[in-house]
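For reference, the structure is listed below as structure tokens.
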Amino acid sequence: MFSYYGALSTEVYDFTKPVGYSIDGDIEYYLERLKTCKGRILEAAVGSGRFMIPFLEAGYIVDGIDYSPEMLNSCRERCEERGYNPNLYEEDLKRFSLPSNYEAIMIPTGSFCLIENREDSLSALKCFFKHLVSGGRLIVDLELLHGWKTGEISTSTFSLPSGDGIMMESKSIEIDWLNQKTVSYIKYEKWRKGKLIETELQRFAMRWYGIEEFKLILESVGFSEITCSAAYNYKQQPSNVSQIITFEAVRK
Ligand SMILES: C[S@@+](CC[C@H](N)C(=O)[O-])C[C@H]1O[C@@H](n2cnc3c(N)ncnc32)[C@H](O)[C@@H]1O
């Protein structure tokens, strides 16, 4: 019934978040945090390269992993247009095995929260740990739960350069307090000269974590030197639930 980051979702993502489009300063923050990194970097949930390509442009060796073929195709195209040919792996973060180990693994903008189940997110963290070299670092953003209203609908329309338009309607379906997740449905409709030509329905689940809880999970996987920062200010304590929380942790 559902698609996950399919063709229309990718088209909207690419239109609204072009390469190098910084979300609240995420690209600048990660570039600064990784400025001493000399080795290979992995972006987990790389999407269509908004975040990865500025790292390639800055001279880093970056691989990407994502489970959406549409997002990866767009990423590949945008890289090729700029003369880059990074390793892009079509894999699920829940269980993956790549040929390289990394000096850093980064997963910005709350994409980690898209892993819906507790067991799967633990398994993803174990995979990250396994793919880090000794001394390697995981940098992961989390979004906290805020502003949820079951039943709320928001609608946006995008006029594409081709003359077509995409209407995106997001409906907040349910909140599961016990399992710490919300589910929304996102309906995409592509219109041409007043006629509906393509549609797509995405199930969008987000899991949230307590700050202390996530630190304990990272410790249980074996990470150390764990720091937590808010709103892309290194080691700034969170003061507001709408802030992005960034954890950094080292595999010793
Ligand atoms: C919001 S996009 C972020 C893309 C990119 N990191 C950025 O910041 O622009 C989220 C991406 O996570 C990917 N994703 C979500 N769950 C995943 C999973 N379990 N395994 C692999 N990729 C996943 C989606 O396919 C999508 O491309």
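Here are the numbers for the structure shown:
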item: Near pairs, Cβ below 7 angstrom, 6+ apart or cross-chain, from segment 108-119 (more than 18 Å from ALA231 (Cβ to Cβ) and in contact (Cβ under 8 Å) with a residue 40 or more places away in the chain) to any residue that is more than 9 Å from the ligand (Cβ to nearest atom) and open to solvent by 20 Å² or more (accessible area, probe 1.4 Å); result: LEU114/MET206; GLU116/LYS181
item: Members of segment 205-230 that are more than 30 Å from LYS187 (Cα to Cα), among the hydrophobic types (A, V, I, L, M, F, W, C) and either out of contact with any Ser or Thr (no Cβ under 9 Å at 6 or more places or on another chain) or open to solvent by 10 Å² or more (accessible area, probe 1.4 Å) (or both); result: ILE211, PHE214, LEU216, ILE217, VAL221, PHE223, ILE226, CYS228
item: Condition check for GLY147: out of contact with any His (no Cβ under 7 Å at 6 or more places or on another chain), closer than 26 Å to TYR29 by Cβ, of a type in the set (Gly, Ala, Ser) and open to solvent by 50 Å² or more (accessible area, probe 1.4 Å); result: yes
item: Extreme residue, farthest from ASN87 (Cα to Cα), among residues of segment 1-23 that are more than 11 Å from the ligand (Cβ to nearest atom) and in a loop (DSSP other than H, G, I, E, B); result: MET1
item: Where LEU93 falls short, out of the listed (1) within 11 Å of the ligand (Cβ to nearest atom); (2) of a type in the set (A, V, I, L, M); (3) out of contact with any Phe, Trp or Tyr (no Cβ under 9 Å at 6 or more places or on another chain); result: (3)
item: Condition check for ARG40: more than 9 Å from the ligand (Cβ to nearest atom), basic (Lys, Arg) and farther than 21 Å from PHE112 by Cβ; result: no
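So that you can scan it fast, the table gives a plain yes or no per residue for (1) among the aromatic types (Phe, Trp, Tyr); (2) more than 10 Å from the ligand (Cβ to nearest atom); (3) not assigned by TED's automatic domain parsing to the domain that holds PHE129:
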site: GLY25; (1), (2), (3): no, yes, no
site: LEU34; (1), (2), (3): no, yes, no
site: ASP66; (1), (2), (3): no, no, no
site: CYS79; (1), (2), (3): no, yes, no
site: TYR84; (1), (2), (3): yes, yes, no
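The values are calculated or read from the model by the stated rules, or taken from the named source; none is laboratory data. Predicted model only: the values in this text are computed from it and were never measured. Note: ideal-geometry Cβ built from the backbone for every residue, glycine included; neighbour counts use all protein chains shown. What goes into the accessible areas is simple: the full protein's heavy atoms, side chains included, and nothing from ligands, DNA or RNA. Shrake-Rupley method; radii C 1.70, N 1.55, O 1.52, S 1.80 Å.
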